[in-house]
Amino acid sequence: MIGASFDSTKTRLQELLARADGGKLQLPDFQRGWVWDDDRICSLLASVSVSFPIGAVMLLETGGESIRFKPRPLTGTHERLRQIAPETLILDGQQRLTSLYQALMSTVVVETKDAKGKPIQRWYYLDMKKAVAVDDDREEAVRSVPEDRQVKAFGGEITLDVTTPAREYAADLFPVNRIFRSADWRQAYNKHWNYAPEKIQLYDEFEREVIKRFEQYQVPVIELKKETPKEWNRTRTAISTSAAVREACGSPRKAQRNTSVPDSRTPSRSPGTREAAACLHRALLGLRVLDHVIVTRRSHFGQGHSLGCMR
């Protein structure tokens, strides 16, 4: 029974990303690369910053005799990780974890795309004042900045310049790739403002309301053990995305608008696939992966609220 071959728990996001950074968590090679667009990454960051659920991830423990996949590291990690044997593989959640890794952990610019699908490169910041404002939507606090760290108007006028740390401090913009190593940035920020009480208070509130949420954020994790039956191998493409599982099982969420980006190839609809997907659906014990953070945030913040980050 597949139910005897998996565990469900919650794991800190920081721990999952650290495992990816060290090569212990990788992707199976059959997972094709897929880049999330800029707006979706902004929504994802905003959701985590308010402890809003972003859905479960599904992992597979390596070392099993029945199921073996060639691994590959997450996009954005160091090339040397190709020489490291992973402990677990990501079956569902590739885009979420890859996007979060690149934005929160990587020191290189994030490879993404605009609304028209054009490849772009972005750095992500949090506007500290907007992030702690009671009446502001947290998504309005997420800033997407081009590779050169300058935002320009149509006429070429520079409207935002964060090309140096000092300019980040002056603009009260916190780089999200420092979220798990913020102590040095905080010290330099306070020094830049000559330890002004109002700036110390601003950062204290930002740390309490935002940084701590990232540090404490937990992700529902479903981990298939290495003893998982070989029969599961035939349906791996059917269950590697939550949307496919729910569709095959006739979930009520099928009627909702689908703005999700699949994590792998579209599955076939054979009876065996449907049966296996339904079996897994029941085994998840209610830990369903959300269609996409934008769908859930739309219902959370209101249907009429604009989505996407500030630029």
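The values are calculated or read from the model by the stated rules, or taken from the named source; none is laboratory data. Just so you know, these numbers come straight off a predicted model, no measurement behind them. Here the Cβ positions follow ideal geometry from the backbone for every residue, glycine too, while neighbour counts run over all protein chains shown.
If you go through segment 113-164 and keep only what is in contact with an Asp or Glu (Cβ under 8 Å, 6 or more places away or on another chain) and among the small types (G, A, S), you end up with A115, G117, A131, A141, S144.
Does Q14 satisfy being modelled with pLDDT of 95 or more and either part of a helix (DSSP H, G or I) or among the aromatic types (F, W, Y) (or both)? Answer is yes for this residue. With respect to (1) in a helix (DSSP H, G or I); (2) touching a Lys or Arg at 6+ places or on another chain (Cβ under 8 Å); (3) modelled with pLDDT of 95 or more; (4) surrounded by 19 or more Cβ atoms within 10 Å (Cβ to Cβ), the lone exception for E139 is condition (3). For first residues located in segment 87-115 and surrounded by fewer than 20 Cβ atoms within 10 Å (Cβ to Cβ), partners that are hydrophobic (A, V, I, L, M, F, W, C) and part of a strand (DSSP E or B) and lie 6+ apart or on another chain with Cβ distances below 9 Å form the pairs E87/L25; V109/W123; E111/I120; K113/I120; D114/I120.
One residue alone among A56, A46 is closer than 20 Å to Q218 by Cβ, modelled with pLDDT of 90 or more and in contact with an Asp or Glu (Cβ under 7 Å, 6 or more places away or on another chain), and that residue is A46. Here V108 meets each of (1) over 13 Å from the mean Cα position of the chain (by Cα); (2) of a type in the set (A, V, I, L, M); (3) at pLDDT 90 or above; (4) not in a loop (DSSP other than H, G, I, E, B) with one exception, condition (4). Does any residue of segment 134-150 turn out to be of a type in the set (S, T, Y), over 18 Å from Q14 (Cα atoms) and in contact (Cβ under 8 Å) with a residue 60 or more places away in the chain? Yes, because at least one residue in segment 134-150 is of a type in the set (S, T, Y), over 18 Å from Q14 (Cα atoms) and in contact (Cβ under 8 Å) with a residue 60 or more places away in the chain. Here is a check on your reading of the model: is A170 under 19 Å from the mean Cα position of the chain (by Cα) and either assigned to a helix (DSSP H, G or I) or small (G, A, S) (or both)? So A170 does not fit the description; no.
Here is the figure for segment 116-136: residues that are surrounded by fewer than 18 Cβ atoms within 10 Å (Cβ to Cβ), basic (K, R) and farther than 19 Å from L202 by Cβ total 2. Considering only residues in segment 23-34 that are surrounded by fewer than 20 Cβ atoms within 10 Å (Cβ to Cβ) and either modelled with pLDDT of 90 or more or touching an Asp or Glu at 6+ places or on another chain (Cβ under 8 Å) (or both), the one that is farthest from E215 (Cα to Cα) turns out to be W34.
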